[in-house]
Amino acid sequence: MFSERKLGLRPERLRQLLHYVPETGLFYWRVSRGGVTAGMQAGHPHSDGYVLISIGGVTHYAHRLAWLYVYGEHPAQQIDHRNHNRSDNRIANLRQSSHAENARNTSRRNRPGFKGVYRKRSKWGARICVDGKRIYLGVFSTPEEAAAAYDKAARLHYGEFASTNEMLGLLPARDSGPGTPDSTIAGTPAPRQVLRSGILGCLCQMPTAPA
């Protein structure tokens, strides 16, 4: 999954070349080499938002170097940015995750402006993907109620990797559970019932993230 040239970088060599500040997530060159001088900030932003650092002709992601620097070993999985900011490489903001867990922590929203919400006639539906399966959570009178239902399911199924509408600032801090599904649409079970019985066999499209 990761190139041998990247995995060949040892933590001792990394610490000889660079100084990492865990509180800021920034790297600084310890030595003058090529076009850089000692004390200069290392790395440059990529168009996808990640910070890249070139060492010995090999380009590395700064978040993976931060992990190697602090823990003394290359991360075995992908590195997830807890706050969705790909340039924030503070060690407290980084965690190892599987591809699926990393995809869950996306801030991507749909047309209604909320995660996990879609238009259902004149109402609003909520759904979530769990292990490649799509679970329908119910139909609601407002998009806010549907978004709250998604958040509740995300916290249940994703745990610490949940990226909720509340966390994104799209909903106020919760003080009660999600709204009650609209009962005017015949045959629509309550969200808790749908969580148990509404798993469909369709695959979810997960966003990809670089290793």
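Being of a type in the set (Asp, Glu) and outside any loop (DSSP other than H, G, I, E, B) narrows it down to one residue among Glu12, Glu23; which is it? Walk me through it before giving the result.
Working: Glu23 fails: outside any loop (DSSP other than H, G, I, E, B).
After applying the criteria, what remains is Glu12.
For segment 8-45, name all the residues that are within 13 Å of Tyr69 (Cα to Cα) and hydrophobic (A, V, I, L, M, F, W, C).
Scanning segment 8-45 gives Leu9, Leu14, Leu17, Leu18, Val21, Leu26, Phe27.
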If you take the residues in segment 26-37 that are more than 22 Å from Ser87 (Cα to Cα) and assigned to a loop (DSSP other than H, G, I, E, B), which one is modelled with the lowest pLDDT?
Gly34
Which one is surrounded by the most Cβ atoms within 10 Å (Cβ to Cβ), of the residues in segment 87-139 that are at pLDDT 90 or above, within 20 Å of Gly169 (Cβ to Cβ) and of a type in the set (A, V, I, L, M, F, W, C)?
Ala126
Could you please find all residues in segment 120-151 being under 19 Å from the mean Cα position of the chain (by Cα) and either outside the structural domain of Glu166 (by TED's automatic domain parsing) or free of Cβ contacts under 8 Å to residues at least 24 places away in the same chain (or both)?
Arg127
Mind listing whichever residues of segment 12-55 are within 26 Å of the chain's Cα centre (by Cα), in contact (Cβ under 8 Å) with a residue 40 or more places away in the chain and surrounded by fewer than 17 Cβ atoms within 10 Å (Cβ to Cβ)?
Pro22, Glu23, Thr24, Pro45, Asp48
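The values are calculated or read from the model by the stated rules, or taken from the named source; none is laboratory data. Remember, it's a predicted structure, so these values are computed and weren't measured experimentally. Counting neighbours? That spans all protein chains shown, and the Cβs are built from the backbone with ideal geometry, glycine included.
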